[in-house]
Amino acid sequence: MFTIAEHTQETPSIKTIRFKETLSATPAQFVMVWVPGVDEFPMSASYTGHGFGITYQILGDGTRALASKEVGDRIGIRGPYGNGFVLHGSRVLVVAGGAGMAALGPFIEEAAAKGAAVDVVIGARTAEEILFEKRSMLAGGRIHISTDDGTKGLKGFATELASSLLDKERYDCMYACGPERMIVGLLKLATEKGIPIQASLERLMKCGIGICDSCALDGKHVCKDGPVFSETDLRAMAELGKTKLDHAGRKVPI
Ligand SMILES: Cc1cc2nc3c(=O)[nH]c(=O)nc-3n(C[C@H](O)[C@H](O)[C@H](O)COP(=O)(O)OP(=O)(O)OC[C@H]3O[C@@H](n4cnc5c(N)ncnc54)[C@H](O)[C@@H]3O)c2cc1C
């Protein structure tokens, strides 16, 4: 059980919890968060080590219950699980959609601290939903914003902004987390430009340790084989961007 040290509002729909306890994780590794009496679900480590934290979008019952927790309350944390992003090269492009920035925030800091030049594309529905812009800037990232409604930066999708940067610059690797249609678009761009990509995927998860099959995707367990996959794995996934398993284990369109 971990104790909440800080609970802050990042955007109208996204909050961050920092804990009193320390937990070390590689960027994009995740923990299973147990809200007693409600549910258990996966969340990326958005801050690692001392001041460990998670950053979550309020969507359904589980995250609504989490949002009502206060400083001093205790919730269950197990993990970290899965693999994480691995820095390749010295010039990288990071592309985040919405709450996907939760997994990428610590990676941007790590990559910049290791001396990499980091271009960061942050895509959000609207200006007030942009996550971790200041944090990424303070880390030394070069920030590029897109919003669906044009209230800040380019009016359009993060993939369009990534495409124009890829036309101008040469990157050693691309890193992505966000909606699956964005990841499908970025995989296509990475293939066209001949650069590697690492993308963190999301599927429903129950156990988080490769037993229950809830997160099965083309023979892989997102919890154990991922959540970060390279272009070779991503290209082999016929279900990517098309179908996922629902709570009852039925295959449903994304
Ligand atoms: C490895 C991993 C890391 C994640 N990290 C984060 C994070 O850092 N921040 C964050 O906000 N979210 C993250 N998620 C997604 C998060 O787990 C879900 O949003 C959460 O479980 C929703 O729970 P709920 O009870 O509030 O909503 P539910 O009532 O369970 O669902 C509400 C809506 O969210 C969708 N949903 C539920 N679970 C997922 C899921 N796993 N992936 C995508 N959509 C889902 C449902 O289909 C439904 O439309 C991560 C998911 C995975 C697999």
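Every number here is computed from the coordinates shown, using simple stated rules; none is lab data. This structure is a prediction, so every number in the text was calculated from the model and none was measured. Methodologically, a virtual Cβ is constructed for each residue, glycine included, from the backbone with ideal geometry; neighbour enumeration extends over all protein chains shown.
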Problem - Scaled radius of gyration (Cα, divided by 2.2 N^0.38 Å) that region 2-81 gives - result: 0.97
Practice task
Take every Cα-Cα pair in the chain and report what % of them are more than 24 Å apart.
Solution key: 44
Fill in the blank from the handout: Note: probe point = Cα of residue 193 + 7 Å toward Cβ; backbone nitrogen < 12 Å; residues of region 78-109 passing the test are 91-95
Practice task
Determine, for 44, 214, the number of other Cβ atoms within 10 Å of each Cβ, and report the residues in order from fewest to most.
Solution key: 214, 44
Handout entry: Label point distance in nm, residue 248-residue 170, each placed 7 Å from Cα along Cα→Cβ
Key = 5.4
Completion exercise
Rounded to the nearest 5, the percent of antiparallel DSSP beta bridges in region 91-253 equals 25
Completion exercise
With -39,500 (n - 2.57) per DSSP H segment of 4 or more residues and division by the full residue count of the chain, the 222 nm estimate, nearest 500 deg cm²/dmol, is -6500 deg cm²/dmol
Exercise for the section: Under 4.7 Å Cβ to Cβ, no partner at all: give me those cysteines from the chain, in residue order. Expected result: 173, 177, 215, 223
Completion exercise
residue 22 and residue 59 label points (each 7 Å along its Cα→Cβ direction) are spaced in nm at 3.2
Problem - Three principal axis lengths of region 141-214 [C-alpha, angstrom, descending] - result: 44, 31, 22
Problem - Separation between Cα centres of region 178-200 and region 63-122, rounded to whole Å - result: 18
